[in-house]
Amino acid sequence: MESFNLRLSKLIKSKRSHLCVGLDMNPEGIGSSNANLDELKKHAFKVVDSTIDLASAFKPNLAFFERWGSQGFKWLEELMDYFSDDVIIIGDAKRGDIGNTAKQYAYSLFTHFNFDAVTLSPYMGKDSITPFIENPEKGAFILCRTSNPSAVDLQNQPIKLEMLFDKTAQLCVEWNNNNNVGIVVGATAPKEISRIRNQAPHLPFLIPGIGAQGGDLKQSMLDGNKNGDALINISRGISFSGDLSSKAIRNAAKDYLLQMREIIDI
């Protein structure tokens, strides 16, 4: 049985790609707040077709599907069936509950939708994480130091000589018994990327915040891939680039990929 982290590392090397394409499919992205579901579905499949050979991972954000109710869940099911086997699919769900509730979330995301990995909030402790990391083949990216401005409200709270995000990183290392735990750390917090990497060598990073949020791609690549692998997530900068044509989407993805390869030659 190959662990999630090992599979991810092999895939990054074989495709020579640290690119994760975020699928945040909102009507405004395609230029109209009145865009219907069929238009969004068509655009989502266009993004996948245009970037599937360039990306190592895709990250559908569940909120953008859930807003459409049962039709949105059906769309997500169709999208999951559409992906090929040579990419990692991360369900950006940010779940964070305990007990039977966490077990049901894990079953939904891993068994029904068949995501390879999910994003999780650790605020409720190990109970909220365990159901997602029992199967070594399935991964969990734990929110540690996120890219949003108000992340400092909690994540940077001091605990003696450390901060809360330091403790989170240390717990991620503890929980990685099945080699399937990763860490979410935002590109908008470059000093924290290096600091967390020193505490969690070898754990994969998922780094959002490049592009629209203004994160530093070069620093994220250098620090994120030191003693471990980092996926760099780009959402709007690829999915809604240029004139929204297949060519514009592909060119944007290729440009990011080539920048990453220039920074780190793999």
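A simple count of charges around Ala212, restricted to other residues whose Cβ falls under 13 Å of its Cβ and scoring Lys, Arg +1 and Asp, Glu -1, yields -1. Net length available on complete extension from Ile159 to Glu174 is 3.6 nm, with 0.36 nm assigned per residue and the Cα-Cα distance removed. Under 5 Å between amide hydrogens, built in the peptide plane, is the criterion, and for Ile88 it picks out Ala57, Phe58 among residues at least 5 positions away or on other chains. Each helix, a run of at least 4 DSSP H residues, gives -39500 (n - 2.57); summed and divided by the residues of the chain, these come to -12000 deg cm²/dmol at 222 nm.
Neighbour counts of other Cβ atoms within 10 Å put Asp265, Asp92 in the fewest-to-most order Asp265, Asp92. For the stretch 186-201, the Karplus equation 6.51 cos²θ - 1.76 cosθ + 1.60, evaluated at θ = phi - 60°, returns couplings of x, 5, 7, 10, x, 5, 5, 4, 5, 5, 5, 4, 5, 8, 10, x Hz by residue, with Gly and Pro reported as x. The mean sequence distance of close C-alpha pairs (under 8 Å, at least 6 residues apart), as a share of the length of the chain, puts its relative contact order at 21 percent. When peptides 255-262, 179-186 are ranked by their average number of other Cβ atoms within 10 Å per residue, the highest-first order is 179-186, 255-262. Would you work out if the stretch 147-231 is rounded, prolate or oblate? Take a ≥ b ≥ c from the square roots of the eigenvalues of the alpha-carbon gyration tensor; rounded if a/c is under 1.5, else prolate when a/b is larger than b/c, oblate otherwise. Because a/c hits 1.5 or more and a/b fails to exceed b/c, the stretch 147-231 counts as oblate.
Neighbours of Leu6 by Cβ distance under 12 Å: Lys/Arg scored +1, Asp/Glu scored -1, total 0.
The mean of 1/r over all distinct Cα pairs in the stretch 4-263, once inverted, gives the Kirkwood hydrodynamic radius of 18.4 Å. The 3J(HN,Hα) values that the Karplus relation (6.51, -1.76, 1.60; θ = phi - 60°) gives for the stretch 136-153 are, in residue order, x, 7, 10, x, 9, 9, 8, 5, 10, 10, 7, 8, 6, x, 7, 4, 5, 4 Hz. Gly and Pro appear as x.
Across the options Asn180, Asn36, Ala93, the greatest Cα extent toward the positive end of the charge dipole of the chain (unit charges at beta carbon of Lys, Arg, Asp, Glu) belongs to Asn180.
Restricting the stretch 126-203 to trypsin sites (Lys or Arg not before Pro) that sit in a DSSP loop and have at most 12 other Cβ atoms within 10 Å of their own Cβ leaves Lys160.
Spin-label model, Glu28/Gln104: points 7 Å from Cα along the beta carbon direction are separated by 3.2 nm. Summing charges over all other residues whose Cβ lies under 14 Å from the Cβ of Asn36, with Lys and Arg as +1 and Asp and Glu as -1, gives 0. Semi-axis lengths, largest first, of the ellipsoid equivalent to the stretch 49-152 are 22, 16, 15 Å, with √(5λ) applied to each eigenvalue of the Cα gyration tensor. Distance between the modelled labels on Arg236 and Asp255, one decimal in nanometres: 1.6 nm (7 Å Cα→Cβ projection). Looking at the chain, what % of its DSSP beta bridges pair antiparallel, to the nearest 5? Among the beta bridges of the chain, antiparallel pairing accounts for roughly 5 percent. The length gained on full extension between Ser70 and Lys13, counted as 0.36 nm times the residue separation minus their Cα-Cα distance, comes to 16.8 nm.
None of the figures in this text is laboratory data; all of them are computed from the coordinates on show. These numbers come from a predicted model, not from an experiment. Backbone-built Cβ (ideal geometry, glycine too); neighbour counts: all protein chains shown.
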